[in-house]
1. What ranking do MET162, MET102, MET330, MET398 get, fewest neighbouring Cβ atoms within 10 angstrom at the top?
2. For region 232-285, just the Cα atoms, rotate onto the principal axes and tell me the three extents in Å, largest first.
3. Apply the Kirkwood formula to region 112-236: the hydrodynamic radius equals the inverse of the mean of 1/r over all pairs of different alpha-carbon atoms; give it in Å with one decimal.
4. Loop only per DSSP, at most 13 neighbouring Cβ atoms within 10 Å: give me the trypsin sites (Lys or Arg not before Pro) in region 362-440, ordered by residue number.
5. Order of 203-210, 75-82 by packing, highest average Cβ count within 10 Å first?
6. Rg to Rh ratio, the chain, alpha-carbon atoms and Kirkwood radius?
7. When you count, for each residue, the other Cβ atoms within 10 Å and take the mean per peptide, how do 44-52, 191-199 rank with the highest first?
8. Nearest 5 is fine: what % of DSSP beta bridges in region 1-151 come out antiparallel, could you say?
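Throughout, read-outs are computed from the coordinates displayed, never taken from laboratory work. Because the structure is a prediction, the values reported are computed rather than measured. Here Cβ is always computed from backbone atoms with ideal geometry, including for glycine, and neighbour counts include all displayed protein chains.
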Amino acid sequence: VIVGGGPAGLSAAIRLKQLSSENGIDLSVCVLEKGSEVGSHILSGNVFDPKALEELLSHNEDGGDKWTEALFESQDSHATPVSEDAFLVLTESGGSYQIPNMLLPSQLHNDGNYIISLSKLARYLGEMAEGLGVEIYPGFAADEVIYSDDQTSVRGVATKDMGIGKEGEAKDTFERGVELLGRQTLFAEGARGSCSESIISKYNLRQEGGASNQHYGLGIKEVWEIPEENFKPGFVQHTLGYPLQSSVTDKVYGGSFLYHQEPNLVLCGLVVGLDYENPYLNPYKEFQRWKTHPAIKSHLEGGTCIQYGARVLNEGGYHSLPKLTFPGGMLLGCSAGFLNAVKIKGSHCAIQSGTIAAESVYNSLASGEDAEEKTVASTGEIDSEETPVEVTQYAESMEKSWVYDELKEVRNCHEAFSRWGVGGGLIYTGIAAHITKGKEPWTLPTPVGNNAGES
């Protein structure tokens, strides 16, 4: 059972079915998605690093090297190659200063990346998963984790009960939620997923993993249609400064993004770390102020806003990763916190975590004596006598992957901004990116109580 139809969950489902086809032992895979359709709850103006997706699709018969064309054919959505990359510091007076790309961390370089709609990518992966035999159930939110009788392992999830009165009592129309049981339950709900957070708390996974408190940020996004004369295909711009920081000592962690996606779209937004000290700061109002700056306004003039929304982000990175596994299941993608806040990307890490999780689960469930006879695809039911296993291979493989290498390299950068402001944070990030490359022998831990919204 996979909870969540985003990049991590769908990648796990696809890889499980790829392995089933390659090895001849089929595993039954179902995906539970709370949105009315796959992709409907995904909000991201995304500059996409394709390496994890290309690795996943390389196992398909067509090799997956033409995924951009396949995405357009499937979803009528362009994957626009990045053509120009700019990083600006905005001033309150309306000016701006561009930081030379050679001074930026390598993780901020977008050569070979694409501007995409992550929602449309999820729909594309959903169609691929169903074509491989994955059962996807959109419109059903996992509301409750089902544990074994002794509470030591996870058996599956249940959807929300129906027919509940305003006082919490069962009405005449009461109907118990549907229980979905699995030999392994993979939680890929995204940041602050309710089931994932309850499991992290119940099994003390953050303490067991030696993790710091998680940091959170709020991302506010709009999609604009703009006149063709203002459109710059593949243009990528990130900013610091106005309106969140007015001096080098300001400790508000955040910045903006603005991307030009074909045919004539601008994806723009503001990300604000929720550990800001000013109680009067309003992220939505700051976003509106940001759009009035000349360096931003010029991209939107004559255009029309066609979509908008907001989303919480994990920003703790390497230091905030909990223990990934527990008896009967594991945490994937942003349920675990695999967002690289410095790179401003997480979908590539989410896809890789889903791929590695699937390989680990398959190796566990499809190996050993009578493995094929034990599969749900063969028996049509869960063996109530089988004790759910903890697939520790997943965590071990993740620790050896490029995901952990990438997050470890910038592990102290967020805390540097929190301690020393935007100026000190930029200097530290530059040193970490160009000199130490994550090998500094010290750690900047999150101070106790600085939980950036964690409860």
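1. Sorted ascending by nearby Cβ count, the order is MET102, MET162, MET398, MET330.
2. 40, 21, 14
3. 19.0
4. Answer by residue number: LYS400, LYS439.
5. Peptide ranking by packing, descending: 75-82, 203-210.
6. Ratio of gyration radius to Kirkwood radius: 0.97.
7. Result, highest mean first: 44-52, 191-199.
8. That works out to approximately 60 percent antiparallel.
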